[in-house]
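These notes concern the structure reproduced below.
Each value in this text was obtained by applying a stated rule to the coordinates, not by laboratory testing. Note that the coordinates shown come from a computational prediction; the quantities given were computed from them, not determined experimentally. Because the Cβ atoms are built from the backbone with ideal geometry, glycine has one as well, and the counts that use them run over all protein chains shown.
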Amino acid sequence: MFKFTRIAEKRIKEAMEQGQFDNLRGKGRPLEIEDDSFVPQDLRMAYKMLKNAGFLPPELQEEKEIKQAIELLGSMEDERERYRQVMKLNVMITKANMMRSRPINLEVDQVYYRKIVERVKVRKRSPG
């Protein structure tokens, strides 16, 4: 392994001296490092490949759907439908949290979510 590292370092140094890295895209800009610490190490490469292909892991897809449901709540005017959507959203969040090792982080959206829930008024049905 040590021999391989020395060979790689030597080739990188030679390429730098020849100017092969001078015109690289993104030169001089900070690297965009993704935080994948929540992904188990054995799944990181597979998740990266899926992401590059335009697919989301199931956990992130669920989080995306939950955020879309929260946005939908903001545009609803019918109180009954809004109440149904809140109930559906609660089930989605509970289901997602049960399947994950860490809860979904909706801190930014939670303030808005609470405001929507507070606005929902449930009317008792008259017998009839």
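Short version: ³J(HN,Hα) in whole Hz for each residue of segment 74-83, in order, from phi by Karplus 6.51 cos²θ - 1.76 cosθ + 1.60 (θ = phi - 60°), x for Gly and Pro, what are they?
Once θ is set to phi - 60°, the couplings for segment 74-83 become x, 9, 7, 10, 6, 5, 5, 5, 4, 4 Hz.
Return the sequence-ordered ³J(HN,Hα) values of segment 19-34 in whole Hz as given by the Karplus equation 6.51 cos²θ - 1.76 cosθ + 1.60 applied to θ = phi - 60°, using x for Gly and Pro.
x, 6, 9, 5, 10, 6, 5, x, 4, x, 9, x, 6, 8, 9, 8
Please state, to two decimals, what the Cα-based radius of gyration of segment 1-96 comes to when divided by 2.2 N^0.38 Å (N = residues). Could you put the intermediate results ahead of the total?
On the way: Rg = 23.1 Å, N = 96, 2.2 N^0.38 = 12.5 Å.
Normalised Rg, Cα atoms only: 1.86.
Compare the peptides 31-39, 82-90 by average per-residue count of other Cβ atoms within 10 angstrom and give them in order, highest first.
Numbers: 31-39: 9.2, 82-90: 15.7.
Per-residue Cβ counts within 10 Å, averaged per peptide and sorted highest first, yield 82-90, 31-39.
Taking 0.36 nm per residue of sequence separation and subtracting the Cα-Cα distance, how much length would be gained by fully extending the chain between Arg11 and Met99, in nm to one decimal? Walk me through the numbers before you get to the answer.
On the way: separation 88, 0.36 × 88 = 31.68 nm, distance 4.58 nm.
Length difference between fully extended and current span is 27.1 nm.
Quote to one decimal, in nm, the extra length available between Asn23 and Met49 on full extension: 0.36 nm per residue of separation minus the C-alpha distance between them. Present the calculation step by step, with values, prior to reporting the outcome.
Working: separation 26, 0.36 × 26 = 9.36 nm, distance 2.64 nm.
Taking Asn23 through Met49 to full extension adds about 6.7 nm, to one decimal.
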